[in-house]
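Quick notes on the structure that follows.
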Amino acid sequence: TEEQVSEYKEAFSLFDKDGDGQITTKELGTVMRSLGQNPSESELQDMINEVDADNNGTIDFPEFLTMMARKMKDTDSEEEIREAFKVFDRDNNGFISAAELRHVMTSIGEKLTDDEV
C-alpha cells in the first residue's frame, strides 16, 4: 500500500545515515547493532547481496522494498509473536502497560513522550 511504502521510506532514511540514497554494510550494521543484533561483516554483506540487484554492493530504495516484501512474506509464526509479546509483558499478566512499553522502548534507545506511549 501507499502507507507501507511511506513507512518503508522513513525506515530507509533511518538506515541511510549519510542520506546518499544507498545503504552500505556499515550503515546496516549500525542500525542492526542499535536493535540488539550483532551481525558479522560477512553476514551484513550476505544480507546486502541477497537484494543487491545491480551488484553495486549497496541497497537502494527499490532493493530495500524487495527486502521488506520478502520479510513480510516470511511472517512471524504465532509462537514468535507470543515470545515477542512476553518481552514487553514483564509481569506476565497478559497486557502491556504503558510503563512496560516505555521500559522496552527506552532500552532500545527510543525516547517516547507520554502522548506517544
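Tell me, what is the FRET efficiency for residue 15 and residue 102 to the nearest 0.05, using R0 = 30 angstrom and their Cβ-Cβ distance as r?
On the way: r = 25 Å, r/R0 = 0.83.
The pair residue 15/residue 102 has a calculated efficiency of 0.75.
Label-to-label distance, residue 49 versus residue 95, with points set 7 angstrom from Cα along the beta-carbon direction: 5.0 nm.
Quick check for me: using +1 on Lys/Arg Cβ and -1 on Asp/Glu Cβ, what's the dipole size of the range 10-57 about its Cα centre, in debye to the nearest 20? The partial results should precede the final answer.
Details: 3 positive and 11 negative charges, 49 e Å.
Roughly 240 debye for the range 10-57.
Among 44, 31, 104, flag the residue with its Cα farthest along the positive direction of the charge dipole of the chain, charges on Cβ as +1 for Lys/Arg and -1 for Asp/Glu. It is 104, whose Cα lies furthest towards the positive end. Rounded to the nearest whole Hz, the Karplus-based 3J(HN,Hα) values (6.51 cos²θ - 1.76 cosθ + 1.60, θ = phi - 60°) of the range 91-96 follow the sequence 9, 6, 9, x, 10, 9, with x at glycine and proline.
With a/c under 1.5 counting as rounded, go ahead and sort the chain into rounded, prolate or oblate using the C-alpha gyration tensor (a ≥ b ≥ c being the square roots of the eigenvalues; past the cut-off, prolate if a/b is larger than b/c, else oblate).
Details: a/c = 1.92, a/b = 1.79, b/c = 1.07.
It comes out prolate by the Cα gyration axes.
Springs between alpha-carbon pairs under 10 angstrom, Gaussian network model over the chain: which of 57, 19, 29 fluctuates most? Top of the fluctuation ranking is 19.
Coordinate-derived values only; no laboratory data. Everything numeric here is computed off the predicted structure, so don't read it as measured data. With ideal geometry, Cβ positions are generated from the backbone for all residues, glycine too; neighbour counts draw on all protein chains shown.
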